[in-house]
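Take a look at the structure set out below.
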Amino acid sequence: TVDIIELENHSYIDHELSSNLDSTDAFEGPEKLLEIWFYPTVQIIPNGRSLLDIEMSKWIDMLNLVKCEILSMKKTPKMYSFLLSE
Amino acid sequence: SSMFVYDHRIILKTCGTTLTLLCLPKLFELVQNDLKWDFKVSEKNDNNENLYSPYKVFYSRRSFMFPDKQKSVHKNWSDEVDYLNKFFINGESYVIGEDKIKANKSHWNLYVTKTKKSLVTIPIDVNDSAHEHDDETFEILMTGLSDEKTKNFYKSNLKTQDTQYELDSSSTNNTYADEGHVNGYTMTKQNKIDEIYESFKYNKMTHDAFAFSPCGYSSNVLINDEFYYTLHVTPENGWSYASFESNVQCNNNSEVLRNVLEIFKPTDFCLTFFRRKTTKKSTNEENILLNDTNLTPYEKLDEIVYDLDDYQLLYIHFQDR
C-alpha cells in the first residue's frame with residue numbers, strides 16, 4: 001500500500017492549475033486510449049536517446065494540442081507517469 | 001486523464017472532450033527531431049502526407065455517452081479510423097459487442113496496426129520467464145456506479161481527519177502537495193485503491209492521485225518502477241463512470257476484477273484483456289486469459305476472443321441481473 005510520504009516526492013506539481021481546476025463540466029466518462037510502441041524493446045533503440053530524454057516543455061506543448069495539462073508527475077528509472085487535467 | 005512514457009513506448013489515456021489523436025503529428029515530429037527516430041515509409045497517404053510504421057499502435061475506446069459533445073475527429077468512430085489511416089499503414093478497425101437489434105450502446109471500438117516484426121532484431125529468449133516481450137493490458141470500463149460508492153468521490157464527503165497532512169500554501173516547492181493531491185491520497189486510502197493488487201507480491205509502489213472539485217478522481221499507481229495501474233472516476237448521478245486500466249502482469253486478474261468491482265459496484269461494465277505471450281513455459285492453465293468470469297450478480301451479455309496478430313484479446317460485457 002502507499003504511504004503519506006508519497007505526497008512529498010512528486011517530480012512536478014502545477015499548483016496554479018491544481019488549485020483552479022473545476023470539474024463541473026468535465027463529464028463524458030469514456031476515455032480515448034492511445035498506445036504506441038515505437039520499438040519492441042529498450043535494447044534496440046537507436047542513437048542512444050529515448051522518449052525519457054524528451055524535455056518536459058515539449059510534452060506540455062504536445063498535451064496542449066489535445067486539451068490536457070499536466071497536474072503532476074512521478075518519475076521512476078524506467079518510466080514517467082503524468083496525471084493530467086480533464 | 002493520464003500519460004505514461006517508457007523509453008520505447010507511450011500510453012495516453014484522456015477523458016472528457018479531449019482531442020487525443022491530434023497529438024500524432026507533434027509526437028512524430030518530436031521523435032524525428034529530438035531522437036532521430038525515423039518511422040516514415042516511402043508510401044504516402046491520399047493527401048501526399050507521410051505515413052508512419054512504428055512497431056505497434058493501439059487506439060480504443062468504449063462508445064461515448066454523449067457523442068455530440070465530442071470535438072473534431074472524435075465525433076464518430078469512422079472519422080477517427082480515417083484519421084489514423086492517414087498516419088499508419090496496415091491498420092485494422094473493429095467494433096466489438098455491438099448489437100444493432102437491441103440498440104446496444106455499450107460497444108467497444110478498437111484500431112490496431114499489424115506488428116512491424118522487422119524491428120525485432122534481437123532473438124527472443126523464450127526460456128526467460130518474464131522477459132519484456134510479454135505484455136498485458138487489462139481494462140475495466142464501468143457505468144451505473146452505486147450511489148453508496150459514488151459519494152466517496154465527492155470532495156464534500158471526504159473525511160480528512162485521517163490524512164494528518166498539513167498544507168503549506170506559502171511553499172514555492174513545486175513538488176509539495178496541494179489540496180487536490182492530499183484529497184486524492186485520502187480517497188485512495190479510504191476506497192482501498194492501493195489494495196487492488198493486495199495479494200500480488202511487489203517490492204515498490206509509487207502513487208499519484210488527484211481529487212477534483214466538486215467531484216471526480218484520477219490516480220496513477222506504479223508497481224516496481226515499471227508497471228502501472230490507473231483509475232479515473234466521474235461520479236455524477238445519471239452518467240457515473242469509472243475506468244480501471246493496468247499493465248501489471250499478475251496471475252490472478254479475476255481477483256483484481258473483484259476488488260475493482262467492490263470499489264464501484266457498477267450495474268454495467270465491460271472488460272478487455274490484451275495479452276502478448278512469448279514465454280515457452282506457459283501451460284494450458286496460463287493460456288486462459290481470465291480464470292474466473294462467473295460474477296454474482298452479473299450476467300454475461302457478450303464474451304468474445306480475438307486473435308490479433310501476436311496478441312490475444314478477450315472482451316466481456318456484463319450487466320447486473
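What follows draws every value from the coordinates through simple rules; no lab data is involved. The shown structure was predicted, so the numbers you read here are calculated from the model rather than taken from an experiment. Here the Cβ positions follow ideal geometry from the backbone for every residue, glycine too, while neighbour counts run over all protein chains shown.
Over the stretch B:1-114, the Kirkwood radius and the radius of gyration, each from Cα atoms, give a ratio Rg/Rh of 0.98.
For the protein assembly as shown, the fraction of C-alpha pairs farther apart than 39 angstrom is 14 percent.
Looking only at Cα atoms, what is the convex hull volume of chain B per residue, in Å³? If you can, show how the numbers build up before the last one.
Working: hull volume 55.5 nm³, N = 321.
It is 173 Å³ per residue.
Please give me the summed charge of the neighbours of A:S23: other residues whose Cβ is under 10 Å from its Cβ, Lys and Arg +1, Asp and Glu -1. Residues near A:S23 contribute -3 overall. In chain B, Cα pairs under 8 Å separated by at least six residues give a relative contact order of 16 percent.
Summing charges over neighbours of B:P266, with a neighbour being any other residue whose Cβ is under 11 Å away from its Cβ, gives -1 when K and R count +1 and D and E count -1. Of the GluC sites (Glu not before Pro) found in the stretch A:1-65, those in coil by DSSP whose Cβ has at most 10 other Cβ atoms within 10 Å are A:E55.
Against chain B, whose longest principal axis comes from its Cα atoms, helix B:179-190 is set at around 80 degrees. In terms of the mean number of neighbouring beta-carbon atoms within 10 Å, the peptides B:198-207, B:178-187, B:108-117, B:28-37 order highest first as B:178-187, B:108-117, B:28-37, B:198-207.
Taken residue by residue and averaged, Cβ atoms of other chains lying within 10 Å of the Cβ of A:10-16 number 5.
When you restrict to C-alpha pairs under 8 Å that are six or more residues apart and normalise by the size of chain A, the relative contact order lands at 40 percent.
Positive contributions from Lys and Arg (+1) and negative ones from Asp and Glu (-1), summed over other residues with Cβ under 14 Å from the Cβ of B:R62, come out at -4. Ellipticity at 222 nm from helices only: DSSP H runs of n ≥ 4 in chain B, each -39500 (n - 2.57), divided by the residue count, give -4500 deg cm²/dmol.
Compared with the rule-of-thumb size 2.2 N^0.38 Å for a compact globular protein, chain A has a Cα radius of gyration ratio of 1.30.
Taking all Cα pairs closer than 8 Å and separated by 6 or more residues, the relative contact order of the stretch B:13-76 comes to 31 percent.
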